[in-house]
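I have placed the structure first, in the form of structure tokens, so that the comments after it can refer back to it.
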């Protein structure tokens, strides 16, 4: 892995990270919006940067701050919302994996005529049609095709913060309470329609 300042590719300050091997999805922009967790050969994370663009063997990350010398590993994380959480911000789950203390669930609904939206019941100009329901997984090709075919002009989203997130029933996250102060710091919508 090699990182260097780059302003020419995107037209603004970024760090270009050249990878030793190609990414699994080689289509340009496939990892835009992910978080690059940058680390030394041994040890924990040094820096986390938002991926601004990707190619088969390059990542272009937020260039506001330089990376520490000696960075040699990068792991891509699919986080599209950044949470401000009190310490500790992670914990070890039952399977031994490091898990986030808090998580965010983001749902989407699409509309063809938002000025004429109905407040409850079924809205034929909304997808999904049931008011108050949202799509939580936009990765399925059939879902994407349905949204495109629907022809929306507007998007609505629903955000749920979970301060005691568990990946399974045995996980024991730190307790959330009045002093937890978990907040949504940044939000990135990786949606094109």
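Quick notes
- FRET efficiency estimate (nearest 0.05) - Cβ-Cβ, residue 65 to residue 162, R0 30 angstrom: 0.55
- Ordering of 91-102, 141-152, 29-40 by burial proxy (mean other Cβ atoms within 10 Å per residue, highest first): 29-40, 91-102, 141-152
- Here the simple spin-label model places points 7 Å from the Cα toward Cβ, and for residue 19 and residue 117 these points are separated by 3.7 nm.
- In plain terms, the chain from residue 144 to residue 131 could stretch by 2.7 nm, reckoned as 0.36 nm per residue minus the Cα-Cα distance.
- With the simple spin-label model, which puts each label point 7 Å out from Cα in the Cβ direction, the residue 153 to residue 97 separation comes to 4.2 nm.
- Computed from Cα atoms alone, the Kirkwood hydrodynamic radius reported for the stretch 84-187 is 16.1 Å.
Values in this text are rule-based calculations from the coordinates and carry no lab data. Since the structure is predicted, the reported quantities are computational estimates derived from the model, not experimental observations. Note that we place each Cβ from the backbone using ideal geometry, even for glycine, and neighbour counts take in every protein chain shown.
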